[in-house]
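S.K.: I have a structure here, written as structure tokens, and I will follow up with some questions on it.
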Amino acid sequence: MKIALVRSAVHRQGGVERYVWLLARELAGRGHEVHLLARRCPELPHASVRFRPVEARGLFSFQKVLGFAAGVREILAQESFDVVHSCDRVFACDIYRAGEGVHREWLEVAARHLPAWKAALRRLDPLHGTLCRIERRLMAEGGARRVTAISKRGAEEIGRHFGRRDVPVIYNGVDPEEFAPPKGGERAAIRRRLGAGEGAFLALHVGSGFFRKGLRHLLAGFARLEGKDALLVVSGRGSIGPYRRLAGRLGVLDRVRFVGMEVPVPQLYRAADVFVFATLYEPFGNVCLEALASGLPCVFSSRSGGAEIVTDGVDGLVLKNPADPEEIARLIRLCREPGRAASMGKAARALALRFSVGANADATEAIYREVAAEKAR
């Protein structure tokens, strides 16, 4: 099958970017002719995958979004594919994977956590209006033939905002070899690099976009932990200045490590004692499966789709209110109990093994076959 996979950037790191990279590798390995329509792809996922550069002219963010969508449309007008699968907001495609959720839903959530003047400024930003308009176009008749969600939560949002009820859920997959519990002395070596002494309790945050990922609430919860042996490691891209200052005001700056993208994420999972995902809005979160596969006790915000796959208290803990520092601290304390941590970590790994990249590709291929058959009629 000749497949066009669409995403502005495709690479091994990140969320959607990494998902597309892994899917392209899996599909190419199954013999499909895979074309990546993207602005950037620094490393091909498979020798047979073809990178089709898309120009996205524009000075401002909203212009680049429109420019990318126009560039994709231009390529699709010149060449036919059995299936066009977009993981980005473009003008039209066969299958749209709503991997970033519903933008209007996120704007409503963000407004509840912002001062009124900041929420007003967001509404005036043409980027958000552009994303919402393209999204409406994709969801309407003549947009995408199929829309898929990456969680039940995402499917519910699509139905509520756009009236589409025929939205299958295809969960993400994880590579259990890349994300696995530590072996031998690996854990101790990574912890030394992070400045975590013997007996230190290391909590981990992974994710860029610190406001949406709830980092300020996590810092406030972390500051409520008793004792000075706990460390918080923060990995991800973004402006850390405001969060460093907040950590200073909370009196925990000396126990917070902002590592950016310096340390490979699989190593961070192997060094940690608990993974905390206090996100305000997340359709699923690849980090959820990565942390589970690494055998970590995990605390997942109820606002993340990843929370719906765990059994609360068995293979993960669900944070009901990600903006409540007291609840965050209470759940982290539970993960400090050795017996609970060990059993939860073991169950987490077993759960993650059910969500493979191959299973994700199987479900995706099934929709490809349906769409290709429709187009051939």
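The values are calculated or read from the model by the stated rules, or taken from the named source; none is laboratory data. This one's a predicted model, so the numbers in the text were calculated from it and none came from an experiment. Counting neighbours? That spans all protein chains shown, and the Cβs are built from the backbone with ideal geometry, glycine included.
S.K.: For segment 294-343, which positions are free of Cβ contacts under 8 Å to residues at least 60 places away in the same chain, touching a helix residue (DSSP H, G or I) at 6+ places or on another chain (Cβ under 9 Å) and assigned to a helix (DSSP H, G or I)?
M.R.: Correct list: Ala307, Arg330, Leu331, Leu334, Arg340.
S.K.: Being out of contact with any Ser or Thr (no Cβ under 8 Å at 6 or more places or on another chain), more than 24 Å from Ala28 (Cβ to Cβ) and among the small types (Gly, Ala, Ser) is the filter here, so list the residues in segment 49-85 that pass it.
M.R.: Once the filter is applied, which keeps residues that are out of contact with any Ser or Thr (no Cβ under 8 Å at 6 or more places or on another chain), more than 24 Å from Ala28 (Cβ to Cβ) and among the small types (Gly, Ala, Ser), segment 49-85 yields Gly58, Ser61, Gly67, Ala69, Ala70, Ala77.
S.K.: Tell me whether segment 272-284 contains one or more residues that are in a loop (DSSP other than H, G, I, E, B) and either free of Cβ contacts under 8 Å to residues at least 12 places away in the same chain or more than 21 Å from Val109 (Cα to Cα) (or both).
M.R.: Yes: one or more hits.
S.K.: Let me ask something else. Give the residues of segment 230-263 that are within 16 Å of the chain's Cα centre (by Cα) and without any contact (Cβ under 8 Å) to a residue 60 or more places away in the chain, sorted by residue number.
M.R.: Of everything in segment 230-263, those that are within 16 Å of the chain's Cα centre (by Cα) and without any contact (Cβ under 8 Å) to a residue 60 or more places away in the chain turn out to be Val234, Ser235, Gly236, Arg237, Gly238.
S.K.: Now for a separate question. Going residue by residue through segment 31-39, is there one that turns out to be among the hydrophobic types (A, V, I, L, M, F, W, C) and surrounded by fewer than 22 Cβ atoms within 10 Å (Cβ to Cβ)?
M.R.: No, segment 31-39 has no match at all.
S.K.: Looking at segment 64-91 only, could you name the residues that are surrounded by fewer than 20 Cβ atoms within 10 Å (Cβ to Cβ), in a loop (DSSP other than H, G, I, E, B) and out of contact with any Lys or Arg (no Cβ under 7 Å at 6 or more places or on another chain)?
M.R.: Residues satisfying the conditions are Glu79, Ser80.
S.K.: Exactly one of (1) of a type outside the set (Val, Ile, Thr); (2) surrounded by 16 or more Cβ atoms within 10 Å (Cβ to Cβ); (3) in a helix (DSSP H, G or I); (4) touching a residue at least 24 places away in the same chain (Cβ under 8 Å) is unmet by Gly129. Its number?
M.R.: (2)
S.K.: Right, Ala329: surrounded by fewer than 23 Cβ atoms within 10 Å (Cβ to Cβ), in contact with a Lys or Arg (Cβ under 8 Å, 6 or more places away or on another chain) and of a type outside the set (Ser, Thr, Tyr) or not?
M.R.: So Ala329 passes the test.
S.K.: Within segment 139-233, considering only helices (runs of 4 or more DSSP H) that don't extend past its boundaries, which have at least 3 residues that are of a type in the set (Asp, Glu), in contact with a Gly (Cβ under 6 Å, 6 or more places away or on another chain) and buried (at least 18 other Cβ atoms within 10 Å of the Cβ)?
M.R.: Because the criterion is at least 3 residues that are of a type in the set (Asp, Glu), in contact with a Gly (Cβ under 6 Å, 6 or more places away or on another chain) and buried (at least 18 other Cβ atoms within 10 Å of the Cβ), no helices (runs of 4 or more DSSP H) in segment 139-233 meet it.
S.K.: Based on this model, can you work out whether Leu268 counts as in contact with a helix residue (DSSP H, G or I) (Cβ under 6 Å, 6 or more places away or on another chain) and either at pLDDT 95 or above or not assigned by TED's automatic domain parsing to the domain that holds Gly345 (or both)?
M.R.: For Leu268, the condition - in contact with a helix residue (DSSP H, G or I) (Cβ under 6 Å, 6 or more places away or on another chain) and either at pLDDT 95 or above or not assigned by TED's automatic domain parsing to the domain that holds Gly345 (or both) - is not met.
S.K.: Which residues, counting only those in segment 103-144, are touching a helix residue (DSSP H, G or I) at 6+ places or on another chain (Cβ under 8 Å), over 25 Å from Pro168 (Cβ atoms) and basic (Lys, Arg)?
M.R.: Those that are touching a helix residue (DSSP H, G or I) at 6+ places or on another chain (Cβ under 8 Å), over 25 Å from Pro168 (Cβ atoms) and basic (Lys, Arg): Arg122, Arg123.
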